[in-house]
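Below: the structure, in C-alpha cells.
The values are calculated or read from the model by the stated rules, or taken from the named source; none is laboratory data. For clarity, every value in this text was computed on a predicted model and none was experimentally measured. For neighbour counting, all protein chains shown are included, and Cβ atoms are generated from backbone atoms with ideal geometry for every residue, glycine included.
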Amino acid sequence: MKENIHQHNFSLKREDFLKKNKMEKEERILWFFGPSGAGKSTLANEVQRRYFKEDRPLKILDGDDLRSGLCSDLGFSIEERSENMRRAAEVAKLFHEMALGPLCCFVTPLKIHRDIVRSILKERVLFFYIAATLEDCFERDPKQLYARAKNNEIKDFTSLSSPFEEPNLEEESDCYKIDTSKKNISSCVEEVFSLLRSTLIHDKTQSTL
C-alpha cells in the first residue's frame with residue numbers, strides 16, 4: 001500500500017511560513033499534559049493570546065475538539081488513548097510545518113503515550129506537565145467530570161479509575177513542570193515563556209557548535 005503513496009513537493013516550505021509568521025526555526029510544538037482540571041486549556045489559551053498580540057498566530061489542538069471529530073471513534077482504554085495520541089501528534093506535525101505551533105492540550109496520562117508523541121514529533125516537541133492536586137481538580141471540575149466519575153457514570157477516568165503517570169523529569173528531559181495549584185494563571189504564563197526563552201537560547205547555541 002505504501003508504495004502507492006507519493007507525497008507532492010509543494011512550493012512553499014516551512015521556512016517560508018516561519019518568515020511570514022515571524023517565528024524562529026527552533027520554535028517547538030508545546031504539548032501541555034496533565035489531568036482534567038489541572039489547567040491545560042486555560043494556560044494554552046493565555047499563551048495563544050500572548051503570541052497573538054505579537055502577531056504570531058498559533059493553533060490550539062485540544063483533546064475534546066479532536067475527540068468531537070477526528071477521534072470520535074475512540075474510547076479511553078490505554079490502547080485507544082495510544083491511537084488518540086498518534087493521530088494528535090500527526091496533526092500537530094502538519095501545523096508545525098506551517099509555523100502555526102501548535103499548542104497541544106491532551107491528558108497524555110502515561111509515559112508510553114508521551115513516547116508515541118516523541119516518536120512522531122522528535123525534537124520538535126516540548127512537554128509541559130500541568131500539575132495540580134487531585135483536591136484542586138475536584139474543586140475546579142469545570143465540566144463536572146470528577147463528580148460524574150465518582151458516581152461511576154464515567155469509566156476509565158484519569159486519576160480515578162484510570163492511572164496517571166507523573167513524569168520523571170530526569171528521564172523525560174524534554175518535559176517541564178508547571179504547578180497550577182501553587183501559582184495563578186499569570187505566573188504560569190510567565191513561567192512558560194521564561195522556559196521557552198531559555199530553551200530557544202540553548203537550541204541556538206547547540207546549532208552553532
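Quick look at the numbers
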item: Residue check, SER173 touching an Asp or Glu at 6+ places or on another chain (Cβ under 6 Å), over 20 Å from ARG81 (Cα atoms), at pLDDT 90 or above and part of a loop (DSSP other than H, G, I, E, B); result: no
item: ARG28 being over 27 Å from THR199 (Cα atoms) and surrounded by 18 or more Cβ atoms within 10 Å (Cβ to Cβ); result: no
item: Set GLY37, GLY75: member being surrounded by 11 or more Cβ atoms within 10 Å (Cβ to Cβ), on the phi > 0 side of the Ramachandran plot and either hydroxyl-bearing (Ser, Thr, Tyr) or in a loop (DSSP other than H, G, I, E, B) (or both); result: GLY37
item: Tally of residues being out of contact with any Phe, Trp or Tyr (no Cβ under 7 Å at 6 or more places or on another chain) and on the phi > 0 side of the Ramachandran plot across segment 101-146; result: 3
item: Segment 78-116 - residue that is assigned to a helix (DSSP H, G or I) and of a type in the set (S, T, N, Q) and, of those, farthest from ASP55 (Cα to Cα); result: SER82
item: Selection within segment 104-134 - β-branched (Val, Ile, Thr), under 20 Å from ASN184 (Cβ atoms) and either at pLDDT 95 or above or surrounded by 18 or more Cβ atoms within 10 Å (Cβ to Cβ) (or both); result: ILE130
item: Given (1) out of contact with any helix residue (DSSP H, G or I) (no Cβ under 6 Å at 6 or more places or on another chain); (2) touching a residue at least 60 places away in the same chain (Cβ under 8 Å), index of the condition THR108 fails; result: (1)
item: Given (1) farther than 25 Å from ARG14 by Cα; (2) not in a helix (DSSP H, G or I), number of the condition ARG56 does not satisfy; result: (1)
item: Candidate set: segment 81-118, residues that are among the small types (Gly, Ala, Ser) and in contact with a Lys or Arg (Cβ under 9 Å, 6 or more places away or on another chain); chosen: the one farthest from LEU70 (Cα to Cα); result: ALA99
item: Sole exception among (1) in contact with a Phe, Trp or Tyr (Cβ under 6 Å, 6 or more places away or on another chain); (2) among the hydrophobic types (A, V, I, L, M, F, W, C); (3) buried (at least 21 other Cβ atoms within 10 Å of the Cβ) for MET98, by number; result: (3)
item: Residues within segment 135-166 that are under 22 Å from GLU191 (Cα atoms) and either touching a residue at least 40 places away in the same chain (Cβ under 8 Å) or in a helix (DSSP H, G or I) (or both), tallied; result: 3
item: Cβ pairs under 6 Å, 6+ apart, first in segment 42-68 and surrounded by 13 or more Cβ atoms within 10 Å (Cβ to Cβ), second charged (D, E, K, R); result: ARG56/LYS22
